[in-house]
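The values are calculated or read from the model by the stated rules, or taken from the named source; none is laboratory data. This structure is a prediction, so every number in the text was calculated from the model and none was measured. Don't worry about glycine lacking a Cβ; one is built from the backbone with ideal geometry, like all the others, and counts go over all protein chains shown. Keep in mind that these areas ignore ligands, DNA and RNA; they rest on the heavy atoms of the full protein, side chains included. Shrake-Rupley method; radii C 1.70, N 1.55, O 1.52, S 1.80 Å.
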Amino acid sequence: MTQSPHDHDPQRRRLLRRAATVASTTAGAGVAAAVGLPAAAQAAPGDSLIMGTTNDAGVQTTTLNASEGIAALSLNNTEGAALRLVPSSNLYPQVLESEMGTMAVDDQGDLFIRAGIDSDDGATSGWAWTSEWATMSVAMRPVRVLDTRSPDLRRRIVAGSANLDPATGKLKPGGPIVVALDEYVRNGYAMKGNVTVVGMTGPGFLTVWGGDTKPTASTVNWWTSGQILSNFLFTRLGASGAFRNVITIQATSSPTHVIVDLTSLLVGHPSQIVSGQA
């Protein structure tokens, strides 16, 4: 499935909320009869299934066989989609007690499936992988996206250039810079790589984050001048103005040069990686 065209919003997945919903509702048993999902279509034994009427096969089972390359069952609809799952805000908690094989779309747009084998009730619940909420890490050829020592490698800075020392290019403490990675990814979720600090004049630390409010955590720390230190970097991507894939960098206490190397991007689908980069 492909990424939806809306602006990147990492909060839209709400995975922790869903996990809490499952945990708080699986304890309620005996509600299978209340599941508000359509009953499976059935036909009387030996008869054809007639649309628009009630068909009941009783305890009989229908088996579909197909020759190689031919679909066993084909649902066609010239007026619209062949199969339609309508998002609903009323799936929980009943859907957690539905029959195996049940599919539903919740109000977040995610496909819920009731399948598999569980030792307790014979079925397991989960969400199908879609680019709406799941991610994959796509490795790239390592590329240096920022080096404040080089004017050419400062060109991806799209905001905060005034926070660089005009003589040395070092990042001054207290003022952030914003670096855009739009040439590498479209609506990405996060990046992986390395951040290096060099040429600091005293103790301090550096924080790298996706955008919005600066977190209190540090990404790399140093305790004296003249060090060269690096650390693994894994941070979400934010948005800034027209740029949809940015990281924000801020030094504290001491000026320093900053180097960022990009090695991997988290996306919903590999097609989000700009061609030739992965």
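Structure above, values below:
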item: THR201 vs. criteria modelled with pLDDT under 95, under 20 Å from GLY226 (Cβ atoms) and more than 24 Å from the chain's Cα centre (by Cα); result: yes
item: Number of the exception - ILE157 against (1) among the β-branched types (Val, Ile, Thr); (2) out of contact with any Gly (no Cβ under 9 Å at 6 or more places or on another chain); (3) modelled with pLDDT under 80; result: (3)
item: Condition check for LEU164: within 27 Å of THR263 (Cβ to Cβ), within 22 Å of the chain's Cα centre (by Cα) and modelled with pLDDT of 80 or more; result: no
item: Residues being hydroxyl-bearing (Ser, Thr, Tyr) and within 18 Å of ALA139 (Cβ to Cβ) - total across segment 187-240; result: 2
item: Residue match in segment 145-153 (condition: in a loop (DSSP other than H, G, I, E, B), touching a helix residue (DSSP H, G or I) at 6+ places or on another chain (Cβ under 8 Å) and modelled with pLDDT of 95 or more); result: yes
item: Pair list, Cβ under 6 Å, 6 or more apart: segment 167-188 residue closer than 12 Å to LEU237 by Cα and in a loop (DSSP other than H, G, I, E, B), other residue open to solvent by less than 20 Å² (accessible area, probe 1.4 Å) and hydrophobic (A, V, I, L, M, F, W, C); result: GLY188/LEU237; GLY188/LEU265; GLY188/VAL267
